[in-house]
Amino acid sequence: MGFLGDINKLKKQAKEMEKTWDPGAQARESLEQMKAMNARLEQATHAMAEGDLARAQVVSVGPTTGMMNMDPLLPIELLVQQDGAPPRPVSITTAVPQAQLFRVRPGSMLTVRVSRTDPNAVAIDWMAPII
């Protein structure tokens with residue numbers, strides 16, 4: 001059957017997919033993801049506005065989880081080093097400006113701001129000089 005058999009097979013697969021596809025569930029999941037991203041952005045904005053300067057070593061960088069204003073969203077594991085406190089791990093997902101991607105690699109040091117009220121609210125200060 002060749003070509004016509006392949007078309008028939010694709011139609012059957014599409015019908016099977018329609019049985020389990022729930023657009024409402026997809027919309028709810030997307031809404032929850034947007035709420036979580038907004039919360040992370042609010043934390044980062046708060047940290048940049050009133051946070052203390054610190055240094056952080058990049059431990060690992062995950063694959064891109066999306067885009068924001070044409071900048072990739074990357075999950076980054078950091079080891080934050082603040083004066084008077086032991087180094088501690090922090091996980092963030094942040095938009096990395098295209099021109100700053102070279103700075104986000106394991107082992108590199110970044111300047112960050114850490115919120116005084118929430119030590120897990122950490123934002124990378126991209127305007128700070130390279131350490």
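The values are calculated or read from the model by the stated rules, or taken from the named source; none is laboratory data. Note that the structure is predicted; figures quoted are calculated from it, not measured. Every residue, glycine as well, gets a Cβ built from its backbone with ideal geometry; the counts of neighbours run over all protein chains shown.
Which of the residues belonging to the stretch 121-131 are surrounded by 14 or more Cβ atoms within 10 Å (Cβ to Cβ), assigned to a loop (DSSP other than H, G, I, E, B), touching a strand residue (DSSP E or B) at 6+ places or on another chain (Cβ under 8 Å) and not acidic (D, E)?
The first filter runs over the stretch 121-131 and keeps only residues surrounded by 14 or more Cβ atoms within 10 Å (Cβ to Cβ), leaving 121-126.
Applying the additional criterion that residues be assigned to a loop (DSSP other than H, G, I, E, B) yields 121, 125-126.
Add one more test, that the residue is touching a strand residue (DSSP E or B) at 6+ places or on another chain (Cβ under 8 Å), and what stays is 121, 125.
The answer is A121, and nothing else.
Would you pick out the residues in the stretch 110-120 that are within 18 Å of R40 (Cα to Cα) and either of a type in the set (D, E, K, R) or assigned to a strand (DSSP E or B) (or both)?
Quick first cut of the stretch 110-120, residues within 18 Å of R40 (Cα to Cα) only: 112-120.
Result: V112, R113, V114, R116, D118.
Can you name every residue in the stretch 88-103 that is closer than 17 Å to M68 by Cα and outside any strand (DSSP E or B)?
In the first step, residues of the stretch 88-103 are kept if they are closer than 17 Å to M68 by Cα; the result is 92-101.
If the condition is that a residue be closer than 17 Å to M68 by Cα and outside any strand (DSSP E or B), then V96, P97, Q98, A99, Q100, L101 are the ones that fit.
Residue under question is M37, and the condition is that it be among the aliphatic types (A, V, I, L, M), under 30 Å from A121 (Cβ atoms) and out of contact with any Asp or Glu (no Cβ under 7 Å at 6 or more places or on another chain); does it hold? Before the answer, list the steps.
Values: among the aliphatic types (A, V, I, L, M): yes; under 30 Å from A121 (Cβ atoms): yes; out of contact with any Asp or Glu (no Cβ under 7 Å at 6 or more places or on another chain): yes.
Taking the combined requirement at face value, the residue satisfies it.
Q57 - would you say it is surrounded by 14 or more Cβ atoms within 10 Å (Cβ to Cβ) and under 19 Å from A123 (Cα atoms)? Full working, then the answer.
Values: surrounded by 14 or more Cβ atoms within 10 Å (Cβ to Cβ): yes; under 19 Å from A123 (Cα atoms): yes.
Answer is yes for this residue.
Residues that are not small (G, A, S): find the strands (runs of 3 or more DSSP E) completely inside the stretch 7-83 holding 3 or more of those. Before you say what the answer is, go through the steps one by one.
Values: elements: 52-61, 66-68, 71-81.
So the answer is 52-61, 71-81.
For T20, work out the one condition from (1) surrounded by 11 or more Cβ atoms within 10 Å (Cβ to Cβ); (2) of a type in the set (V, I, T); (3) over 24 Å from I130 (Cβ atoms) it doesn't fulfil.
(1)
Out of (1) at pLDDT 95 or above; (2) part of a strand (DSSP E or B), what's the single condition that is false for G107?
That leaves (2) as the condition not met.
If you check L53 against the conditions, is it more than 20 Å from the chain's Cα centre (by Cα) and either modelled with pLDDT of 85 or more or of a type in the set (V, I, T) (or both)? Break it down into steps so the answer makes sense when it comes.
Working: more than 20 Å from the chain's Cα centre (by Cα): yes; either modelled with pLDDT of 85 or more or of a type in the set (V, I, T) (or both): yes.
Judged against the criteria, L53 is a match.
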